[in-house]
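So the structure is just underneath, and the comments pick up after that.
The values are calculated or read from the model by the stated rules, or taken from the named source; none is laboratory data. None of the values given here were measured: they were computed from a predicted structure. Note: ideal-geometry Cβ built from the backbone for every residue, glycine included; neighbour counts use all protein chains shown.
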Amino acid sequence: MHLVLVRHGEQDYTLTEGRGFPGPGRELAPLTQRGIAQAEAVASDPRLKGCQLIISSPYTRALQTAAIISRRLDLPIEVAFDLHEWLIDTRYQNRDLTDTLAAIHEASLCKGVRVPEAKLHWEGYDQVFQRASAALLPYLSYHKVMVVCHAYVIKQFYNPGHIPHCGIVEVEFSEDFTWPGYIERGKRQESR
């Protein structure tokens, strides 16, 4: 199955952080006006031509992006819960950007794989891949699907480095697809 992985548009955390939402409450953040424009623009990208379905993360920023693209391309949307963003705290107690940056730092020191010495409770990148790939397996009967999700999820399938908002990464996916492993920040993965 050909996956067209689309990162969501730019999100606006001012509402959720302004209200002090901790943990998963922060994920209710909608798109900014710029994020809406990004979603509108990516809908005309020729790489989306031929997609039969949009599969979306359940997080607001991804769903809003998927809804905009769906409206423009007249494609159905299905939500796959396990396409959600990387969990920076599996206890759901993260509070703010400081907690996020601490988890990113420790995960990078551990090459994205949980180790007993880890002090924080982040989800291993290999675990992100396992849940996201399992969420996509039911769609293998499709030839080409668009997946609207998050940079950390996309990078578990192919890591080109920085993925901009509404950036696109394409991969061939099958039940035999394996996690490409952790890629150092700023380094590019060779073509598969």
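Scanning region 129-147 for residues that are aliphatic (A, V, I, L, M) and touching a Leu at 6+ places or on another chain (Cβ under 8 Å) yields A132, A135, L136, V145, M146, V147. Listed here are the helices (runs of 4 or more DSSP H) enclosed by region 75-169 that have at least 1 residues being surrounded by fewer than 16 Cβ atoms within 10 Å (Cβ to Cβ) and in contact (Cβ under 8 Å) with a residue 60 or more places away in the chain: 97-109. Just one of the listed residues (Y92, Y125, Y59) is in contact with a Phe, Trp or Tyr (Cβ under 7 Å, 6 or more places away or on another chain) and of a type in the set (S, T, Y), and it is Y125.
Would you check which residues across region 27-53 are touching a strand residue (DSSP E or B) at 6+ places or on another chain (Cβ under 8 Å) and surrounded by fewer than 20 Cβ atoms within 10 Å (Cβ to Cβ) and list them? Scanning region 27-53 gives P30, T32, D45, R47, L48, G50, Q52, L53. If you check I69, I54, I88 for being in contact with a Ser or Thr (Cβ under 8 Å, 6 or more places away or on another chain) and within 23 Å of L140 (Cα to Cα), only one passes: I54. For region 20-47, the tally of residues that are within 21 Å of L87 (Cβ to Cβ) and without any contact (Cβ under 8 Å) to a residue 60 or more places away in the chain stands at 7. Scanning region 36-63 for residues that are under 15 Å from the mean Cα position of the chain (by Cα) and either at pLDDT below 95 or outside any loop (DSSP other than H, G, I, E, B) (or both) yields A39, I54, I55, S56, T60, R61, A62, L63. Exactly one condition in (1) surrounded by fewer than 17 Cβ atoms within 10 Å (Cβ to Cβ); (2) within 16 Å of A132 (Cβ to Cβ) is not met by P24; state its number. All conditions pass for P24, except number (2). Looking at S70, is it buried (at least 16 other Cβ atoms within 10 Å of the Cβ), touching a Pro at 6+ places or on another chain (Cβ under 8 Å) and modelled with pLDDT of 95 or more? The answer is yes for S70. One residue stands out in region 57-66 among those that are of a type outside the set (K, R) and either out of contact with any strand residue (DSSP E or B) (no Cβ under 9 Å at 6 or more places or on another chain) or more than 16 Å from P138 (Cβ to Cβ) (or both): the one that is surrounded by the fewest Cβ atoms within 10 Å (Cβ to Cβ), namely T60.
Within the group H8, H2, which residue is surrounded by fewer than 19 Cβ atoms within 10 Å (Cβ to Cβ), within 19 Å of I163 (Cα to Cα), in contact (Cβ under 8 Å) with a residue 12 or more places away in the chain and not polar (S, T, N, Q)? After applying the criteria, what remains is H2.
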